[in-house]
Structures are given as structure tokens and as C-alpha cells.
Amino acid sequence: MSRRLSAFSRIALAIAPVVVLVAACGSGSTPEQGAHATYVLKVTDPGNSGPLAVGKRDGTFDAALAPLGAKIEWVSTTPGFSSMLKLFNTGELDVSGAAFSPVVGALSKDVGVKIVAVADPAGQDQSGIVVRPESGVTTVAGLAGKRIAVNPAGKGEYITLKALAQAGIPADQVTRVPLQQKDAASAFATGKVDAWASFLVPYQEAKAAGAVEITTEKQIGSKDNSVVVFRTEILDERPDVAAKYLEVLQGLTAKQKTAPADFENVFEKSGPRALTGERLADAIRVGAQASVPRLPVDSDATDLADVVNTFADNGVITRRITAADIFYDLKSKLTPEQLAALKDK
């Protein structure tokens, strides 16, 4: 049994938003047409970069959703999908980017969310494990006897367990301190933990501040792919709204791949949220590699099983989540014509 401490338990979006092209489909409820939107889709606020930020700036989502009687409400969140679970439970948030791991953790806690889209791996050097320079640790094996901050039942804990297994280090030889990204950043900066399994913006910020990278998601063979997650109630009530949202976001993601510089510093060109120098160049590089997601396929179920088994084998979850539990069959909501168009994408 691993030594997990109870602790203080919230880039901008920890998991960058990714989407799949889905044709608009019918729904059980009839939307009010015209300018007066009555259905509100609550979406994680994107911050200063990425497809969501460009869509927010340009009003792309509201323009597309208006004929369906719907509009977007942007919700401020803390970094990391696992820190947003309360918002999903209370209906304060409807959709977000994520990864397999925190959704598995969410379903193990009976949070009503489902995955509608999966992206092939990309940007896996943007997540990994960093250590404090004075820790003396240079490899994953050196984590034995150390304290490492992880977001529990999320990407950080998955990365840690995969890295330890790859290095042949029993999980119980490392103390995993459960902290969400914001609190983990503080604990790492003040020396309360020796290492931190982190991702995306917080990970890059830690490295820029002098943290030493000892492994990345790519190096450990991570199967924790990026996904798009909706509150299940939204998918059941208004699949047409969900599909249109995804259609718009997929188009923006495709544009990011061809013109990644246009998707950085979207609102602010200077100041604390703006990227400059090497970090800006790196963000543009990663944006050019953005993976446009698609509806789940059989290989996604295999990757999901890797995450589930990693958690279950280490006592992180008690129930082995299956693909049927976690993937939402949006295809069943489409007309034959829409499904045929989708298969061509």
C-alpha cells in the first residue's frame, strides 16, 4: 500500500482544450430560435492562449450556438480537471478539456461526466516530474524515500506511478502527497515536497523557475490521452448543442495547427499572462503539433485500460472503470446523413 498523506487540497486550463468535428444533431428538447439564447453552456475560461481563447475573443461559439437558442458562459476554474469536480457536480461547469486519468478518478467518485472525444498523443514533453535543484535527485530511481506532490487520481498520480514502475521502484517507497496544482506549486516552491508530477502551464512555469526535469510523459510511455469531457446531463438534454460546440472547437484546433502563433497571447501581449522568449517559442512549437480529436475508437479503450489498471493496481480506485462507463456514444444521437459525414472526417 502506498504512503499517501492527507494534505491541503484548482494551465489556467491544465489540460489544453481539444475537440472532434461532429455535425450538429437533433435533441430531445426544442431550442428557442433567434437572438434570445435561453440555453447556457458553461465552459472553462481559456485564459490567454489556445482555441478556446480565440473562440472567446472572436465570439465564434455564440455565433454558432445562437440558431440553437444557446450561448456560452465562461467559468473561471483552477488548474487541473480533478480540481473542477465540485463544479461539475453542482452544475456550475458543463464542459472542459481533460485527460483519461482525472475522468477515471471522477467516475470512481460518481461524478456525472462523460468523454465525447479523444486526441492522439501530442505535446507529451509538456508534462512530467520535476525536482528541486537541491534535492540531489537526478533520476526517477532517486525518488525513493522522497515526497512528491501529485494531483490525486489525476494525471500527476498516473505519471508518478508509471514512472516508478518503469524504474522498478515500488510505489510505497515514495510518499505521494495529494495536492491540486495550485497548492502543489506552493508546496514545491517552499520545499515542503522534494518533487512534483505536473503538467502544461504549471509544469513549464516550474521549469522556468529552475526546477530540474527528471522524466516526461513521453519517456514513460504515457497512455493518458487528452479528451473532451461534458457533464452527462448536458449530453442527454442537448446533444445538438454539444455537437455544435465541438464542431466549432475542432475547426479552431485545426487552424491552430497551421497558424500556432495566432493562438498565443490572444488577449494580452504583455503582462503576467503573456508568454515571451523561449516559452513563447515552445508554446508555438507545441501548438503546431496539436492533435485534433475524434470520436473514441477501439485503441482508445486499450489506452484507457492502461490508466485504469495503473490506478486500480495501486489502490487509487476500487472499481475498474470500462470504456462503456466513460465514453459517451454521441454517434447514436446523429442522423444517418450526419453519421456518414462524420465517418469521412
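The values are calculated or read from the model by the stated rules, or taken from the named source; none is laboratory data. Quick caveat, the model's predicted, so the values are computed rather than measured. Don't worry about glycine lacking a Cβ; one is built from the backbone with ideal geometry, like all the others, and counts go over all protein chains shown. Only protein heavy atoms, including side chains, enter the accessible area calculation; ligands, DNA and RNA are left aside. Shrake-Rupley method; radii C 1.70, N 1.55, O 1.52, S 1.80 Å.
Kindly provide the set of residues from region 312-327 that are small (Gly, Ala, Ser) and in contact with a Lys or Arg (Cβ under 8 Å, 6 or more places away or on another chain), ordered by number. Answer for region 312-327, where residues must be small (Gly, Ala, Ser) and in contact with a Lys or Arg (Cβ under 8 Å, 6 or more places away or on another chain): just Ala312. Going by the structure shown, is Ala53 modelled with pLDDT under 50 and within 28 Å of Glu268 (Cα to Cα)? When the stated conditions are applied, Ala53 does not pass them.
Whenever a residue of region 57-68 is farther than 12 Å from Gly251 by Cβ, its partners that are assigned to a helix (DSSP H, G or I) and of a type in the set (D, E, K, R), lying with C-beta atoms within less than 8 angstrom and at least six residues away or across chains, give the pairs Leu65/Lys244; Leu68/Asp240; Leu68/Lys244.
Applying a threshold of 6 Å to beta carbon distances and a minimum spacing of six or more residues, or different chains, the list of pairs starting in region 315-328 at a residue that is closer than 19 Å to Pro293 by Cα and ending at one that is outside any helix (DSSP H, G or I) reads Ile326/Ile115; Phe327/Ile115; Phe327/Pro296; Tyr328/Lys114; Tyr328/Val116. Taking the residues in region 238-262 that are assigned to a helix (DSSP H, G or I) and small (Gly, Ala, Ser) as candidates, determine which candidate is most open to solvent (accessible area, probe 1.4 Å). Selected residue: Ala261.
Okay, residues lined up against (1) touching a Gly at 6+ places or on another chain (Cβ under 9 Å); (2) of a type in the set (Phe, Trp, Tyr); (3) farther than 21 Å from Gly91 by Cα:
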site: Val177; (1), (2), (3): no, no, yes
site: Ala184; (1), (2), (3): yes, no, yes
site: Ala242; (1), (2), (3): no, no, no
site: Leu246; (1), (2), (3): no, no, no
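Scan region 65-82 for residues that are more than 30 Å from Ala184 (Cα to Cα) and touching a strand residue (DSSP E or B) at 6+ places or on another chain (Cβ under 9 Å) and the total you get is 6.
Restricting Lys146, Lys109 to those that are open to solvent by 10 Å² or more (accessible area, probe 1.4 Å), basic (Lys, Arg) and at pLDDT below 90 reduces the list to Lys109. One residue stands out in region 263-296 among those that are assigned to a helix (DSSP H, G or I) and touching a Gly at 6+ places or on another chain (Cβ under 7 Å): the one that is surrounded by the fewest Cβ atoms within 10 Å (Cβ to Cβ), namely Val286.
Selection over region 191-222 of residues that are open to solvent by 20 Å² or more (accessible area, probe 1.4 Å), at pLDDT 95 or above and either closer than 27 Å to Phe88 by Cα or touching a Pro at 6+ places or on another chain (Cβ under 8 Å) (or both) gives a count of 1. Restricted to region 78-106, and to residues there that are of a type in the set (D, E, K, R) and surrounded by fewer than 24 Cβ atoms within 10 Å (Cβ to Cβ), the residue that is farthest from Tyr203 (Cα to Cα) is Glu92.
Of the residues that make up region 60-73, is at least one within 18 Å of the chain's Cα centre (by Cα) and surrounded by 22 or more Cβ atoms within 10 Å (Cβ to Cβ)? No, every residue in region 60-73 fails to be within 18 Å of the chain's Cα centre (by Cα) and surrounded by 22 or more Cβ atoms within 10 Å (Cβ to Cβ).
In this structure, does Val131 turn out to be at pLDDT 95 or above and open to solvent by less than 40 Å² (accessible area, probe 1.4 Å)? For Val131, the condition - at pLDDT 95 or above and open to solvent by less than 40 Å² (accessible area, probe 1.4 Å) - is met.
Screening region 149-190 for residues that are hydroxyl-bearing (Ser, Thr, Tyr) and farther than 18 Å from Val307 by Cβ and picking the one that is surrounded by the fewest Cβ atoms within 10 Å (Cβ to Cβ) gives Thr190.
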